[in-house]
Structure formats: structure tokens, C-alpha cells
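What follows draws every value from the coordinates through simple rules; no lab data is involved. In this text, all values refer to a predicted model and were calculated from it rather than measured experimentally. So basically every Cβ, Gly included, is an ideal-geometry build from the backbone, and we count neighbours across all protein chains shown.
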């Protein structure tokens, strides 16, 4: 459990939001414990647990209306320039928060299958094979969905940078 807890929490948070991620993680590990005899070793144990986490999170989503993902705790993390996140200026922190929020909004516009493969590959670093197991999707479909998801996200980000309509020129 301790080996996979962080990744299960991250996957759960991206699907149901941070408020419910701990509940989903707990449900995941309970389900995994009760189903240990079903683990056949065809995929890695990590992929098997993440498949259970995904299914637990989707079950939690079905039980309530979607809420946006809450801002992640940035204490002790560093940005691309090596500055600690907590030592940045308020203006810079506001700018970063707005960018993250805008990205979250754009990610929510992707279809669930596209968002799932994009997050599992580009955020969590899973292999294509692991993603295929987690999402219960053929390997070719995973690759196709990832390609389309990246294209869609790039187009969404390119199309409307600020998430509000500018007045039209007359």
C-alpha cells in the first residue's frame, strides 16, 4: 500500500478531485485487498492497482455530480526555474495559479477516455502497456487516443488563451 499510495491518490484526485481522493484511495486498497486472489500477474501490480483506482473513482463520480479539482499543495516544490514555489512573489503565484486553473478547465473539455490516457501517460508516466491495462483498452487505441488527446488539448489552448470572449471589432 505504501509503495502505491501516492500514485493512487494522484490518479483519484485527477478524476474526482482532491476532496474525495483519500476516500477513493481507501476504497481502492480495500478492493485490492479483497481481490488479491484475482491478481494474475499478466500486468504489473501497479497497473492492476491503478485499474482498481480508476474504477473506484469512476464509481464515485457516478454517485455524485462532478466538482473541479482543488489546487494542489505546492509547499516544498520547485518550478521550472528552480525557485521554491512558496518563495515566489504573489504576482507570480497568481499567474501560475491562473495557468493551472486554465489548464484544468481545458483538460475537463477533453472526453473522459482522452483525458485519462493523457494524464496517465504525461503526468503519471505510465507505459502504453500499463495504460492499456488500467483503462481496459487495446494498445493501439491507447496510442490513438493519446495522439488525439494531445492534439485536442493543443488546439484548445491555442484557440482561446484567456477563457473569455473579447469584444468583436465593428
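Here are a few things to note about the model shown:
- Over all pairs of different C-alpha atoms in segment 1-69, the reciprocal of the mean inverse distance, the Kirkwood hydrodynamic radius, equals 12.0 Å.
- Over segment 1-63, Cα pairs under 8 Å with separation of 6+ residues give a relative contact order of 43 percent.
- Packing-based exposure ordering (other Cβ within 10 Å, fewest first) of 147, 34: 34, 147
- Put in order of Cβ neighbour count within 10 Å, fewest first, the listed residues 7, 134 become 7, 134.
- Note on segment 88-160: Cα-only Rg and Dmax are 14.3, 46 Å.
- Contact order normalised by residue count of segment 88-160, Cα under 8 Å, 6+ apart, percent: 33
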